[in-house]
1. Applying 1/(1 + (r/R0)^6) with R0 = 51 Å to the Cβ-Cβ distance of Ala30 and Ser259, what FRET efficiency is obtained, to the nearest 0.05?
2. Based on the mean of other Cβ atoms within 10 Å per residue, sort peptides 212-220, 316-324 so the most packed one is first.
3. Given just the C-alpha atoms of the range 108-212, how large is their convex hull per residue in cubic angstrom?
4. For Arg61 paired with Ala229, estimate the spin-label separation in nm (one decimal), with each label point 7 Å from Cα along the Cα-to-Cβ line.
5. Taking R0 as 35 Å, what FRET efficiency do you get between Val266 and Ala306 from their Cβ-Cβ distance, rounded to the nearest 0.05?
6. Kindly provide the Kirkwood hydrodynamic radius of the range 189-231 in Å, to one decimal, from all pairs of distinct alpha carbon atoms.
7. What ³J(HN,Hα) values, in whole Hz, does the Karplus curve 6.51 cos²θ - 1.76 cosθ + 1.60 give for the range 171-188 when θ = phi - 60°, with x put for Gly and Pro?
8. Which percent of Cα-Cα pairs in the range 25-327 sits in each 10 Å bin, short to long?
Amino acid sequence: MLEGVAPRLAVATRLPRPALTAEGLRQLTAVLLGAALVETLLLRLVTRIGVHLPKEGVVTRAFESASFLGSIAFNFASLLAIALAVVVLASLARRMERGPAQLALIGLSVAMLSGLALSLTTDSPTADAVFGVAAALLVGAVGLVFAREANRTFGDRLALALIVAAYLSYQYYVLSHLFYRIFDYGAVPPLSISVLRLGEVLAVAAAAVAFWAWGLPRRRRVGTAGLAAVATVLLVLIFAGLSPYSTMAILALWTTGLSLILPFPVYLLALALYLLTLMACWRSGDGFWTAAGLLLVLLAGYMPEATYQHLLLLLGVAFLSRAVPWTAPHPAATA
């Protein structure tokens, strides 16, 4: 009987192990983008607008359906973002030489994921602080250190630096208040509001620099459909801007985390440049990871509310930096 089993075991040991290919990761990223878009539209936008609408008949059912589908998309996107973050961080750690830098990256990754798990299960301020500090350091490392090692152009590095600086500005505001609460300090952290507003200015500036770095070289790829899509979004926002300013500010804060401290036309121009860049990269064929990174950063928003939105921003910065091997451009393609 053992003689019959041995050949089958030998064959089993020779079976290839399943591997996550570059194309598979691309498809998973596309699924994450779709789920995050649905969550943003249904949960962050439609559901919150629906709170202010009279809930009778069809409106009530539509509101409940949007809330239900948005919650499903949120949970699915959260799980997928965690899985992709693990894959990206593991890939970064594997490509590094053994030494203190690799250990630091692994330690920060473990701290972030542990803080995330504890935050979801215990709702502890300390767990939130661990997650926040680790996430901020990882975003800074990926967006600044790894991007420099990936031989990105000056425009690429400047756009990434502004995105990272805006995120770190927001994190300073949040973490400073969080640590003051943990240590029971009654005072307001120094410069917290000023740094928060500075970060919003940096986020707006990042949109313009992103267009210069990634959109301008591909401007011919936008096409009529891309221009029509961007124009539609801008017209909707302009129409919404005709409503009371406080309403527009609330909607902007809910969806993108912007408090509109600058004149409204500045945000329209920045969004137009950002969306044109996203369209140009998406339609260019060689800019999928750049487009995916830009969209993830946009969906994360300037003030990420949920922990999964921090992961969206981390993934977006990683894709934009091209530090992860499978996001590297083909030698003959434009980065």
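Please treat every number below as a calculation from the coordinates, not as lab data. This is a predicted model, so every value here is computed, not measured. Cβ: placed from backbone, ideal geometry, glycine included. Neighbour counts: every protein chain shown.
1. Numbers: r = 31 Å, r/R0 = 0.62.
It comes to 0.95.
2. Values: 212-220: 18.1, 316-324: 25.8.
Answer by packing, highest mean first, reads 316-324, 212-220.
3. Details: hull volume 10.5 nm³, N = 105.
That works out to 100 Å³ per residue.
4. 3.2
5. Values: r = 27 Å, r/R0 = 0.78.
Given R0 = 35 Å and the Cβ-Cβ separation, E is 0.80.
6. Values: mean 1/r = 0.0797 Å⁻¹.
Hydrodynamic radius (Kirkwood, Cα only) of the range 189-231 equals 12.6 Å.
7. Taking θ as phi minus 60°, the curve returns 5, 4, 4, 5, 5, 5, 5, 5, 5, 5, 6, 4, 8, 6, 8, x, 7, 8 Hz for the range 171-188.
8. Binned Cα distances yield the sequence 6, 26, 36, 24, 7, 1, 0.
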